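Comments concern the structure below.
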Amino acid sequence: MQLIVKGHHLQLTEAMKEYVAEKIGKHVERILNHPALIVDVELTDTEANKGDDKECRITLSIPKGKTINITEKADDLYKAIDLAKDRLARQMKREIERRRDLRRSGNSDFEPSDFSGYELNEAAIDEE
């Protein structure tokens, strides 16, 4: 998995990068582990001195699958990261369940090998 962290209109510190790696990177690896996954996280300060001005955008690119885009705003950057992580977890769970349902239904448009290289952690998915 490749984790890319970018900052716009703010100074991106090592503490922020580590927080993103801990909260988002490890969470994605725990549920869906594949070397070709790309997680792009953009942290932005949209308007200085106003409420809800910190934004966290996450783009999860799943090879042979759907790209998941999440955007969350909050008054604190760490809070925006936590909100985005929670939404990302729900979206990943929904995508995995959708693929399982398609595979079980015998849909001819679905390739069973679409998740063949992924390590799915069933316990991590169920506890979300």
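The values are calculated or read from the model by the stated rules, or taken from the named source; none is laboratory data. All values derive from a computational prediction rather than experimental measurement. Neighbour counts run over all protein chains shown; Cβ positions are idealised from the backbone, glycine included.
In the stretch 54-80, which residue that is acidic (Asp, Glu) and crowded, with 16+ Cβ neighbours inside 10 Å is farthest from the chain's Cα centre (by Cα)? Among those that are acidic (Asp, Glu) and crowded, with 16+ Cβ neighbours inside 10 Å, it is GLU55. Cβ-Cβ distances below 9 Å connect the following pairs, each with a first residue in the stretch 78-100 that is under 18 Å from GLU29 (Cβ atoms) and at pLDDT 85 or above, a second residue that is small (Gly, Ala, Ser) and surrounded by 15 or more Cβ atoms within 10 Å (Cβ to Cβ), and a separation of six or more residues or different chains: ILE81/ALA74; ASP82/ALA74. Can you confirm whether the stretch 57-72 contains a residue that is touching a residue at least 40 places away in the same chain (Cβ under 8 Å), closer than 28 Å to GLU95 by Cα and among the hydroxyl-bearing types (Ser, Thr, Tyr)? No.
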